[in-house]
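S.K.: Below is a structure I'd like to ask you about.
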Amino acid sequence: MAGLLTAAAASLCCLTPVLAFLGGASGLASSFAWVEPFRPYLIALTLLFFAFAWYQNLKPQKQVDCNCDTDTKPTVLQSKTFLSIVTVVAGLLVTFPYYAKAFYPIYDQPKVVINNQAGIKQAEFTIKGMTCEGCTEHVNSEIAKVKGVVQYQTSYEKAYTIVKFDNTKTSIDSIAKAINNTGYKVTSQTLINH
């Protein structure tokens, strides 16, 4: 059980945005971003717990030479089947950041007919709190909902998003507000001249 808890803790920074998105509470998304620096240590602890549990489960039992009845069956929590299931669940939790984007709807870049090129602006937003691909997808899902957005490119590694938008339909502040609604925070916004 300790291994399962540490596996969940290791991916808490990536699980929370998906759970918040699915639950409709987007503002909670970055609540556990502080866990991300501890992720390697939590994964190592998870591996140690499971190595110990498997060792205890698979090691040969000492034969007691007595005439007592020792034919006790292990409980469900001590069975190899239960340990196998918990190990698989922990593995899924630890690897969650690599497949988190599967839980977000696929948003194609907006298909907008641009009549007046002069109204198209481009802005760069620096975002605090993104730690994985799931965070990127969460931010993209909110940007895609803003009317007037033409194109966007978000990177959690670089902690930013670049957004092209029609200045007659939306503003840089409206896009920043949409990003902030995810729970991640826009720390700076800059209008980029073409």
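S.K.: Restricting the search to region 170-194, which residues are out of contact with any helix residue (DSSP H, G or I) (no Cβ under 8 Å at 6 or more places or on another chain) and either among the β-branched types (Val, Ile, Thr) or farther than 27 Å from Pro97 by Cα (or both)?
M.R.: Scanning region 170-194 gives Thr170, Ser171, Ile172, Asp173, Ser174, Thr187, Thr190, Ile192, Asn193, His194.
S.K.: Does Pro60 fit the bill of being part of a loop (DSSP other than H, G, I, E, B) and at pLDDT 75 or above?
M.R.: Yes.
S.K.: Could I ask something else about it? Give the number of residues within region 119-139 that are at pLDDT 90 or above, more than 14 Å from Lys185 (Cα to Cα) and out of contact with any helix residue (DSSP H, G or I) (no Cβ under 6 Å at 6 or more places or on another chain).
M.R.: Here the count works out to 2.
The values are calculated or read from the model by the stated rules, or taken from the named source; none is laboratory data. The structure presented is a predicted model; accordingly, all values stated were derived computationally and were not measured. Here Cβ is always computed from backbone atoms with ideal geometry, including for glycine, and neighbour counts include all displayed protein chains.
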